[in-house]
Amino acid sequence: MEKWVIALIVGGGILTLFGGFLGIRRATRGMRERIGYLKNALDEAIAADKEPEKPRSLSSLESVVLPKLLKDFPDFNARIFGQRVRRDAKTYYESGVQEKVLYKDDATAEFRESFEDRLPDDVKDGIEVHRVSIAGYDNASRRKFLTCQAAVGYNDKTDVLREKRLVLTYVAGYADDPDSEVVGFNCPNCGGPLPAVGARVCVFCGTPFTAPVSLGWMLMDAKEG
């Protein structure tokens, strides 16, 4: 066989091998690029999952609620009551940590009993109440209900920061026994129903009075929402 023919065959073989090598290299590079894209996407997803949650937003209707609330409860102090809401919100999650209901005589027996069956079970530590607000007031009936919200953060059992919005509902009432249920609003002299919680004179017998027993707000419900 002529040398030039042999050289042509060998040259063709080398070109074929080189072309195949280039094809493999391009395919490998394309695969590396795709793997790189997938890795970047996975890293971004992991980073987003680890990014701390932001405190929950709250509904605040204090400017609307307070005038109505103060009409019924002239001695109501929003700042002091806000401290109460903070304490109750923290107690909600601390009850989960200790696995028992920590509310005492400032919550109704019905709530304490129901809460025992639904304690938060993912709380580890780091409980922090960021802020609280008054979200609603219902005085349409003899019983008066006050709704508040709390933005609470805590570390769960996997050490991930969780942010929750807790809705707390309170009912106002006279209670002569700290462990008793809330009772109605009645004149201490004649027993007649009072037209307003903050009334100072009975409309039936004209007796002026202050609350014969402590007038307080009892926590009657708390839930995330």
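Summary table
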{"quantity": "Exceeding the 25 Å Cα-Cα cut-off - candidates LYS68/LYS100; LYS68/LYS164; LYS90/LYS157", "calculated": "LYS68/LYS100; LYS68/LYS164"}
{"quantity": "Segment GLU62-LYS124, extension gain: residue separation times 0.36 nm, minus the distance between their alpha carbons", "calculated": "19.1 nm"}
{"quantity": "Amide H contacts under 5 Å for TYR137, placed H, 5+ residues apart", "calculated": "THR147"}
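All of the numbers you see were taken from the coordinates with simple rules; none came from a lab. What you are looking at is a predicted structure, and each value in this text was computed from that prediction instead of being measured.
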